[in-house]
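Written out below as structure tokens is the structure these notes cover.
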Amino acid sequence: MGKGINKSIEPIAGIGAKQLVGNLDASGMRFGIVAARFNDQLTNELAASAYQCLVFNGAKNETIDLVRVPGAYEIPVVAEKMASTGKYDALIVLGVVVEGETQHAQMIIDTTGQSILDIACRHRIPVINEIVGVRNWAQAEARCLGGENTRGWYAAEAAIETARVYKQL
């Protein structure tokens, strides 16, 4: 069994309960992407791959809004504003935080993660958090570069599937 999420979205065999499963059809839905500019050689790739995934799965250019903010710490306030409008089916937040010699990176990951979860629950909208926290630059590149293999692409797939499930509830 591989690591991560399977691309196939099927009910679990042998379970008689009603199962709600999503799909990767982004058509007719509206998405917001909030991407940090800090570490832009990586965050630009995350944003591009998330956008490409949404379009690949049926979203139209005019149904995707991309908002850039200075760094990961600024993401929650903008995501909060976007979620409060009620016009998005899902939000995707993207950033890269590389550990340094202090606890600053962990503080950013912890506080933004909790804030983003709070936004999702408060506004009842999927907010997919891909603020990538890593120990070094090589780990960051491994997660952020590579098209369909990036955390940006994964975040977009998660946004589509979660929004589809959410609509069924």
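Of note:
- Highest-fluctuation residue, Gly146, Gly28, Gly14 considered, GNM on the chain with Cα pairs under 10 Å: Gly14
- Neighbour net charge for Ala159 - beta-carbon separation under 14 angstrom, K R +1, D E -1: -2
- Most fluctuating residue given options Glu141, Glu74, Glu62, as computed from a GNM of the chain linking Cα atoms under 10 Å: Glu62
- Per-residue Cβ neighbour counts within 10 Å put Cys144, Cys121 in the sequence Cys121, Cys144, beginning with the fewest.
- Restricting attention to the chain, close to 0% of DSSP beta bridges with both partner residues there are antiparallel.
- The chain: relative contact order in percent, alpha carbon pairs under 8 Å with at least 6 residues between: 30 percent
- Tensor-based shape of segment 31-168 (alpha-carbon gyration tensor, a/c under 1.5 rounded, otherwise prolate or oblate): oblate
- Anchor Lys81: aspartates and glutamates whose Cα lies under 15 Å away (excluding residues fewer than 8 positions away in-chain): Asp65, Asp89, Asp118
- Near the amide H of Gly133, within less than 5 Å, lie the amide hydrogens of Val97, all on another chain or at least 5 residues away, with H placed in the peptide plane.
- Net charge, Ile108 excluded, C-beta distance under 11 Å - Lys, Arg +1, Asp, Glu -1: -3
- For the chain, built as a Gaussian network whose Cα springs stay under 10 Å, the top-fluctuating residue of Gln52, Gln114, Gln103: Gln103
- Residue-wise HN-Hα couplings along segment 116-127, as the Karplus relation 6.51 cos²θ - 1.76 cosθ + 1.60 with θ = phi - 60° gives them from phi, are 5, 4, 4, 4, 4, 5, 5, 9, 6, 9, x, 10 Hz; Gly and Pro carry x.
FYI, it's all coordinate maths here, none of it is from the lab. This is a predicted model, so every value here is computed, not measured. Ideal geometry is used to build each Cβ from the backbone, glycine not excepted, and the neighbour counts take in all protein chains shown.
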